[in-house]
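The structure under discussion appears below in the form of structure tokens.
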Amino acid sequence: MIEARGLSKRYGDVVAVDDVSFSIGKGEVVGFLGPNGAGKTTTMRMLTGFLPPTEGTAVIAGHDIFEDAVAARRSVGYLPETPPLYPEMTCRSYLTYVAKIKEVPRAARRGAVDQAIERCGLGDVYRRVISTLSKGFRQRVGIAQAILGDPPVLILDEPTVGLDPLQIREIRSLIAGFAAPGKGETQQTVVLSTHILAEVEAICRRVILISGGRKQIDAPITELTSGGRSLEEIFTQETLRDASVDQDLEGEA
Amino acid sequence: MRHIPTVAGRELRSMFVSPVAYGVLSLFSILGGVFFILYVAEFSEWVFRLQQMQAAQQLEDLNLSDHLVNGFYGSMSMVLLFLIPGITMGLFTAEKTNGTQELLLTSPLSIWDIVLGKFLAASTFVVLLAAIVGMFPAILFLYGDPEFGKTASGLLGVLLVGWTYAAIGCFASSLTRSQVLAFLVTFVILLCILLVPAMADLGIAGGASGVAEVLRWLSTGAHFDELAKGLVDTSDLAYFAVMIGIFLCMTKAVVESVRWR
């Protein structure tokens, strides 16, 4: 479903993402792990077509992000770090607008919006203006926007950041539901980024750890923790090792 | 391209949710009324004086189109200079501060869909403004006999000036995240365009008549005056089309550059 081939992003001399490759199959839920500033958001932005990679490419649901850009963008539902909402619109009119620009056919539009509202638990608030919604509901509207039109790939950038524990639990079960859908719902491949380890353990079966712009670990969680180590130990070890390598380099210079 | 009305529709609805659109429309109507009364008062004063002086020839020359409607259109297009930056300043800046820019650029929309959609929304608003301007000369037709052709072509001038300003506003709004800055940049560009012919006349262009000619061509005012005089010339219409085209192309380039920065 997602095939990243040597993705790199440089801003002048600063390397944000350095030669990251991975392959994610249908129905997988993969956690993108890494400290803040590791390049998670940049990688996701490259997959969604918001930023072009400096080098490398990616293939989303069979569409190359350069050669078949529009089809690749159409295959992705994307929740950026801050949910992309128009505060002055009502929840429902916002979702209808998103359905229009995502080219959900006119006949199916109403149903698609209703389904997104229902799946994201927005049944009580869809008439309200977005600026009056709580942070948890806004996040859900953001997720509803991403799943509109049933894209085969969902890319969620820190979907639970800033939410309270109860809301976090609800969002997590929502996400878990995308990969294991009920009747009549499409199975989706989910990539989500986070720096909360418990979250990855709760919903993902596989982890990709990025640190300093490079891929450090790409393995199923069961395999990682089979040696008796917790994810936290592995995370700390990998990110610290990277930091110490950087320090050594600075020392030599 | 088929998503232009979708983008424009959302933009217009958002304009009318906030009080800004209503404020601008009310302010514009009030200013229109004030200017109109002033011009009518001035006109009747002239008529009165010329009658007293029994200057039959001048009375004959005095007419509503040239001595009232023209001046009124000119004043109203000056008001647009202040109001249009206020309408266009939010077009692209709000997308950036809301984070919705990421939604638009990762959707199947093309950059032209976004840019032309926003411009269509702003120009629809300008049509409303022009309609307000047109209301006042329409009153004159009830009580007098202004020339219809001149009145209509002058109004077309107001509309084209407004659209040109809107295109410039789109461009300024795409440059920055700050609405205030977008307003100021639009205003500065508009002022430059307004002042360019004055510079040309002062001979800053170094006396090279070719350069002065180009500078004078760049100014909106001269082309507007031709239309207000009732002269609908292709070269003037082309000027507005070229200006709008240039600024929309630059807007498109700026919006697209987010992808390549």
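Read the figures in this text as sums done on the coordinates, not as results from a lab. A quick note: this is a predicted structure, and the numbers were derived from the prediction, not measured. Here Cβ is always computed from backbone atoms with ideal geometry, including for glycine, and neighbour counts include all displayed protein chains.
With +1 on each Lys and Arg Cβ and -1 on each Asp and Glu Cβ, how big is the dipole of segment B:4-260 about its Cα centre, in debye rounded to the nearest 20?
Here segment B:4-260 has a charge dipole of around 960 debye.
Of all DSSP beta bridges located in segment A:8-165, what percent are antiparallel, nearest 5?
65 percent
Express the relative contact order of chain A as a whole percentage, based on alpha carbon pairs under 8 Å and six or more residues apart in sequence.
25 percent
What ranking of B:Lys229, A:Lys215, A:Lys102, A:Lys40 emerges when the number of other C-beta atoms within 10 Å of each C-beta is taken as an exposure proxy, fewest first?
B:Lys229, A:Lys215, A:Lys102, A:Lys40
What's the center-to-center distance, using Cα atoms, between segment A:138-202 and segment A:45-99 in Å?
Each part reduced to its Cα centre gives a spacing of 16 Å.
How do B:Met1, B:Met243, B:Met76, B:Met135 line up, fewest other C-beta atoms within 10 Å first?
Final ranking by Cβ density, sparse to dense: B:Met1, B:Met135, B:Met243, B:Met76.
If you take every DSSP beta bridge whose two residues both sit in the protein assembly as shown, what share of them, in percent to the nearest 5, is antiparallel?
Rounded to the nearest five, the antiparallel share is 55 percent.
Of the options A:Ile147, A:Val161, B:Val20, report the single residue whose Cα projects farthest towards the positive end of the charge dipole of the protein assembly as shown (beta-carbon charges: Lys, Arg +1; Asp, Glu -1).
Of A:Ile147, A:Val161, B:Val20, it is A:Ile147.
For each of A:Cys91, B:Cys170, count neighbouring Cβ atoms within 10 Å of the residue's Cβ, then give the residues from fewest to most.
Listing A:Cys91, B:Cys170 from fewest to most nearby Cβ atoms yields A:Cys91, B:Cys170.
Could you give P(r) for segment A:136-200, binned at 5 Å from zero, as whole percent values over all Cα-Cα pairs?
Per 5 Å bin, starting at 0, the Cα pair percentages come out as 4, 17, 31, 27, 15, 6, 1.
To check my understanding: the extent here is largest minus smallest coordinate of the Cα atoms along each principal axis. What are those three numbers for segment A:130-246, in Å, largest first?
Sorted largest first, the three principal extents are 45, 33, 25 Å.
To test your reading of the geometry: what angle, between 0 and 90 degrees and rounded to tens, separates the Cα axis of helix B:19-52 from the longest principal axis of chain B?
20 degrees
Using just the alpha carbons, could you tell me how many Å³ per residue the convex hull of chain B encloses?
Given the Cα convex hull of chain B, per-residue volume reads 154 Å³.
Please tell me the relative contact order of segment A:92-200 in percent, rounded to the nearest whole number, where contacts are Cα pairs under 8 Å and at least six residues apart.
It rounds to 24 percent for segment A:92-200.
Normalised by the number of residues in segment A:1-42, what is the relative contact order in percent for Cα pairs under 8 Å and 6+ residues apart?
For segment A:1-42, the relative contact order is 37 percent.
How are the C-alpha pair distances of chain A spread across 10 Å bins, as whole percents from the shortest bin up?
Values per bin, smallest distances first: 7, 30, 35, 20, 6, 1, 0.
Please report how far the C-alpha centroid of segment B:50-124 lies from that of segment B:219-236, rounded to the nearest whole angstrom.
Computed from Cα coordinates, the inter-centre distance equals 16 Å.
Over segment B:81-159, with a single point scatterer placed on each C-alpha, what log10 of the ratio I(q)/I(0) does the Debye formula yield at q = 0.17, 0.19, 0.24, 0.26 1/Å?
Listed by q, the Debye log ratios stand at -0.76, -0.86, -1.12, -1.20.
Over segment A:83-166, one equal point on each Cα, no solvent: what is log10 I(q)/I(0) by the Debye formula at q = 0.11, 0.16, 0.19 Å⁻¹?
Treating every Cα as an identical point scatterer, log10 I(q)/I(0) equals -0.26, -0.56, -0.79.
Stretched out fully, how many nm does the piece from B:Leu181 to B:Asp66 gain, at 0.36 nm a residue minus the Cα gap?
So the chain would gain 37.6 nm between B:Leu181 and B:Asp66.
Suppose we take every Cα in the protein assembly as shown and form the convex hull; what volume per residue is that in Å³?
Here the figure is 193 Å³ per residue.
Work the Kirkwood hydrodynamic radius out for segment B:14-122: mean of 1/r over every pair of different alpha-carbon atoms, inverted, in Å.
The Cα-based Kirkwood calculation yields 17.6 Å.
At 222 nm, what value in deg cm²/dmol follows for chain A if DSSP H runs of at least 4 each add -39500 (n - 2.57) and the sum is divided by all its residues, to the nearest 500?
Calculated mean residue ellipticity at 222 nm is -12500 deg cm²/dmol.
When a/c is below 1.5 the answer is rounded, else prolate if a/b is larger than b/c, else oblate, so apply that to segment B:1-72 with a ≥ b ≥ c taken from the square roots of the Cα gyration tensor eigenvalues.
The shape class here is oblate.
R0 = 35 Å: FRET efficiency of A:Asp218 with B:Arg259, Cβ-based, nearest 0.05?
0.80
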